[in-house]
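Contents: one structure, followed by commentary.
The values are calculated or read from the model by the stated rules, or taken from the named source; none is laboratory data. Everything quoted here is computed from the prediction, not taken from an experiment. Glycine gets a Cβ as well: all are built from the backbone with ideal geometry, and neighbour counts include every protein chain shown.
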Amino acid sequence: MDLAALPLVDHHVHGARRDDLTRAEFEDAITESDRPVPAWMTTFDSPLGFAIRRWCAPVLDLRPHADPGAYLTRRQELGAAEVNRRFLAASGVRHFLVETGFRAAELLDPAGMAEASGAVAGEVVRLESVAEELTDVAAADFSIRYAERLAERTGTAVGLKTVVAYRYGLDFDPARPSATEVTEAAGRWLGAGGGRLADPVLLRHVIWAGVDRGLPLQIHTGFGDPDLRLHRADPLLLTRFLELVERHGVPVLLLHCYPFHRHAAYLAQAYPHVFFDVGLTLNYVGAAASTVLAEALELAPFAKMLYSSDAFGPAELHYLGAELWRRALGTVLGERVASGDWSAADAQRVAEMIGYRNARRVYALD
């Protein structure tokens with residue numbers, strides 16, 4: 001199936017880098033490792049690096065599989081603004097839901113993403129970042145001040161996100177902490193100078209405050225940089241929390257999920273308020289994208305899966321996420337139509353559901 005013209009809602013994404021990138025900066029930006037790239041290797045020699053040379057090079061007027069040096073020279077010639085404009089427009093994304101809680105000064109904000117792409121952009125607010133803004137508050141007032149600040153920060157937001165997988169793990173106590181527990185934990189955290197929020201009681205508190213806010217709640221699961229422990233990022237660890245949230249009517253969106261995407265599909269199948277994507281994954285597996293996407297589609301109802309790129313930094317990742325997703329889904333659905341298992345009309349309808357219709361419903365974008 002050819003899905004090149006299918007419009008997309010990228011329901012979880014970060015901004016594109018504002019500035020030009022050196023080769024070292026670009027190579028750092030196309031790996032999830034937070035360590036320096038060893039001198040004896042290049043991150044272009046990876047599934048993502050090969051995918052960039054194949055699919056992104058033509059957008060910069062280069063032949064497919066262009067040499068990395070030639071690719072980066074051309075990127076510098078065009079400049080960051082033109083590179084961003086080309087890749088964001090070519091992605092075919094019509095609505096970006098931009099998470100703004102990480103290294104925001106380096107990136108285009110939602111307005112900048114909209115201007116560069118010609119699309120619409122909304123904001124997803126990171127719960128932990130809102131708490132980290134509270135530096136002049138008494139421990140006894142933390143709970144009410146956090147709720148007030150969250151309301152202020154999310155006045156026009158479309159969703160919320162937690163990175164508890166990075167700050168503690170998904171095996172946190174799922175119960176809402178008591179007021180006494182929150183005050184005591186806030187006292188410890190504020191007394192130590194605040195900063196990065198990693199206290200497990202306060203993490204639970206801000207997550208439940210997000211549930212109370214009522215906006216769709218995104219949760220990072222699965223792989224990422226070494227700041228998390230992968231065995232504690234399995235979405236199955238959230239099962240009891242998901243059960244407690246269910247009665248609140250808040251959609252919970254499990255992000256990325258790899259290599260636990262089958263676990264996430266089970267949770268989406270089991271719980272009406274749970275949704276998932278394979279966002280970050282497809283860029284990093286490159287040519288294997290259709291394999292991962294086929295596995296994600298094995299079990300979950302098709303109304304429970306969304307498209308995202310989780311692109312951060314180089315605008316290539318915003319474009320490539322869409323390109324690989326369209327190609328992978330076209331391959332998977334095309335095989336099912338060719339085998340006679342699906343009709344062409346059903347395949348097209350599922351592509352539209354995952355590509356944009358599910359996100360528009362979950363985030364009330366209409």
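Of the helices (runs of 4 or more DSSP H) lying entirely inside the stretch 1-113, those containing at least 2 residues that are crowded, with 20+ Cβ neighbours inside 10 Å and over 24 Å from the mean Cα position of the chain (by Cα) are 68-78.
Checking D277, D212, D199, D225 one by one, the residue that is in contact with a helix residue (DSSP H, G or I) (Cβ under 7 Å, 6 or more places away or on another chain) and acidic (D, E) is D199 and no other.
Taking the criterion of being among the acidic types (D, E) and modelled with pLDDT of 95 or more, the residues of the stretch 134-165 that qualify are D141, E148, E152. Against the numbered list (1) surrounded by fewer than 20 Cβ atoms within 10 Å (Cβ to Cβ); (2) in a helix (DSSP H, G or I); (3) touching a residue at least 60 places away in the same chain (Cβ under 8 Å), G122 comes up short only at (2).
Kindly indicate the residue of the stretch 145-177 that is in a loop (DSSP other than H, G, I, E, B) and among the hydroxyl-bearing types (S, T, Y) and also farthest from L238 (Cα to Cα) among those meeting that condition.
Filtering the stretch 145-177 for residues that are in a loop (DSSP other than H, G, I, E, B) and among the hydroxyl-bearing types (S, T, Y), the one farthest from L238 (Cα to Cα) comes out as T156.
In the stretch 319-337 there is at least one residue matching the filter, namely being more than 26 Å from L48 (Cβ to Cβ), in contact (Cβ under 8 Å) with a residue 60 or more places away in the chain and either surrounded by fewer than 24 Cβ atoms within 10 Å (Cβ to Cβ) or not assigned by TED's automatic domain parsing to the domain that holds L267 (or both). Close contacts from the stretch 4-19, counting a first residue that is closer than 24 Å to T162 by Cα and a second that is in a loop (DSSP other than H, G, I, E, B) and at pLDDT below 95, with Cβ to Cβ under 8 Å and a gap of 6+ residues or different chains, come to H14/F102.
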